[in-house]
Amino acid sequence: FFGYSELSKRVQYTTEDRVYLFLPLNHVYASCYCYYLSLIDGYQIFLASSTSKIAEELREVEPTFFCAVPLVYQKLLDQYGEDIREAFGTRIRYLFCSGAPCPKELRRAYRDLPMLQAFGMSETAASFSIDYPGDQDEDSAGTIFSNIDAKIADPDDSGVGEIVVKGDNVFLGYLDPRLTEEVFDEEGYFHTGDIGTIRNGKLIVMRRKKRV
């Protein structure tokens, strides 16, 4: 699938890996980065029985990879505090964080764990930027994939504007043609509705263009 070549530049899955997943498989991220990848690389997926049991089942599964939004990582931190590493067991290799801006304080609390920031949307076939291990930046949401065209539309003097993207990962449009016209410009760029900037190939997401 689209993101495989770029993800494999950052991390490598093997048949010995195991992923604990609390998202449904019809979620774009879950289907692309967990289900399809498991078919390619042969690792195991453990599905959560309930979102209320994430902390308990993480200890039981001891995954090597885990993905969640900042809120989940914050709840785990509230529970474990300085012993946060214990939340994931002894096998954890990478933690992916996406779905919302991650506060710097939270990122610092996980500094001794391999947390990688990512950014994406359902409309862009999940992520189109992910950190490289060891190259994390507190301000960024990862390095933009090399096989997509992302830029800042109508930037101000500081280079801040709306994040737009074009590439094979971008969807064709919504069922309602009027909505499709609203998000694609004349050059074919999809307007994400997120405000930010791009610095040295890294995506800096600041806020939504409008609250939804």
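Tell me which of these Tyr80 doesn't satisfy, since it passes every other one: (1) open to solvent by less than 30 Å² (accessible area, probe 1.4 Å); (2) more than 18 Å from Glu138 (Cβ to Cβ).
It fails just one condition, (1).
I'd like to know if the range 10-18 contains one or more residues that are touching a Pro at 6+ places or on another chain (Cβ under 9 Å), closer than 16 Å to Phe128 by Cα and open to solvent by 40 Å² or more (accessible area, probe 1.4 Å). I'd like the intermediate steps shown before the answer.
In the first step, residues of the range 10-18 are kept if they are touching a Pro at 6+ places or on another chain (Cβ under 9 Å); the result is 10-11, 17-18.
The next check asks that each one be closer than 16 Å to Phe128 by Cα; those that pass are 10-11.
Filter once more, so that each one left must be open to solvent by 40 Å² or more (accessible area, probe 1.4 Å): none.
Within the range 10-18, not a single residue is touching a Pro at 6+ places or on another chain (Cβ under 9 Å), closer than 16 Å to Phe128 by Cα and open to solvent by 40 Å² or more (accessible area, probe 1.4 Å).
Condition (residue is open to solvent by 10 Å² or more (accessible area, probe 1.4 Å) and β-branched (Val, Ile, Thr)) applied to the range 171-189: is it met by at least one residue? Can you show your working first?
Within the range 171-189, the first condition is being open to solvent by 10 Å² or more (accessible area, probe 1.4 Å), and the residues that meet it are 171-189.
From what's left, β-branched (Val, Ile, Thr): 180, 183.
Yes; the residues of the range 171-189 include at least one that is open to solvent by 10 Å² or more (accessible area, probe 1.4 Å) and β-branched (Val, Ile, Thr).
Taking the stated definitions as given, is Glu6 among the acidic types (Asp, Glu), out of contact with any Gly (no Cβ under 8 Å at 6 or more places or on another chain) and surrounded by 13 or more Cβ atoms within 10 Å (Cβ to Cβ)? Give the derivation first.
Numbers: among the acidic types (Asp, Glu): yes; out of contact with any Gly (no Cβ under 8 Å at 6 or more places or on another chain): yes; surrounded by 13 or more Cβ atoms within 10 Å (Cβ to Cβ): yes.
Answer is yes for this residue.
Have a look at Ile45, Ile40, Ile54 and point out the one that is closer than 20 Å to Arg91 by Cβ and in a helix (DSSP H, G or I).
Ile54
Sort out which residues of the range 1-24 are assigned to a loop (DSSP other than H, G, I, E, B) and closer than 24 Å to Gly167 by Cβ, and write them in order of number.
Going residue by residue through the range 1-24, those that are assigned to a loop (DSSP other than H, G, I, E, B) are 1-3, 11-17, 22-24.
Answer for the range 1-24, where residues must be assigned to a loop (DSSP other than H, G, I, E, B) and closer than 24 Å to Gly167 by Cβ: Phe1, Phe2, Gly3, Val11, Gln12, Tyr13, Leu23.
Being out of contact with any strand residue (DSSP E or B) (no Cβ under 6 Å at 6 or more places or on another chain), closer than 22 Å to Asp139 by Cα and surrounded by fewer than 16 Cβ atoms within 10 Å (Cβ to Cβ): is that true of Pro24 here? I'd like the intermediate steps shown before the answer.
Working: out of contact with any strand residue (DSSP E or B) (no Cβ under 6 Å at 6 or more places or on another chain): yes; closer than 22 Å to Asp139 by Cα: no; surrounded by fewer than 16 Cβ atoms within 10 Å (Cβ to Cβ): yes.
So Pro24 fails the test.
Under 7 Å between Cβ atoms, which residue pairs at least 6 apart in sequence (or on different chains) link something in the range 84-99 that is within 14 Å of Ala55 (Cα to Cα) with a partner that is in a helix (DSSP H, G or I) and among the hydrophobic types (A, V, I, L, M, F, W, C)?
These pairs meet every condition: Ile84/Leu76; Ile84/Leu77; Ile84/Ala109; Ala87/Ala55; Ala87/Leu58; Ala87/Leu76; Phe88/Leu58; Gly89/Leu58.
Filter the range 99-145 down to the residues that are among the polar types (S, T, N, Q) and part of a helix (DSSP H, G or I), then identify the one that is surrounded by the fewest Cβ atoms within 10 Å (Cβ to Cβ). Working first, answer last.
Filtering the range 99-145 down to residues among the polar types (S, T, N, Q) leaves 117, 122, 124, 127, 129, 136, 140, 143.
Now drop any that are not part of a helix (DSSP H, G or I), which leaves 122, 124.
Details: Ser122: 10, Thr124: 24.
This residue is Ser122.
State the number of residues belonging to the range 37-73 that are surrounded by 14 or more Cβ atoms within 10 Å (Cβ to Cβ), within 16 Å of the chain's Cα centre (by Cα) and of a type outside the set (Val, Ile, Thr).
7
Got a number for residues in the range 83-98 being open to solvent by 90 Å² or more (accessible area, probe 1.4 Å) and not in a helix (DSSP H, G or I)? Let's see the steps before the verdict.
Quick first cut of the range 83-98, residues open to solvent by 90 Å² or more (accessible area, probe 1.4 Å) only: 85-86, 90-91.
Still in the list and also not in a helix (DSSP H, G or I): 90-91.
Number of matching residues: 2.
The values are calculated or read from the model by the stated rules, or taken from the named source; none is laboratory data. From a predicted model like this one, the values you see are computed outputs, not experimental measurements. Counting neighbours? That spans all protein chains shown, and the Cβs are built from the backbone with ideal geometry, glycine included. Keep in mind that these areas ignore ligands, DNA and RNA; they rest on the heavy atoms of the full protein, side chains included. Shrake-Rupley method; radii C 1.70, N 1.55, O 1.52, S 1.80 Å.
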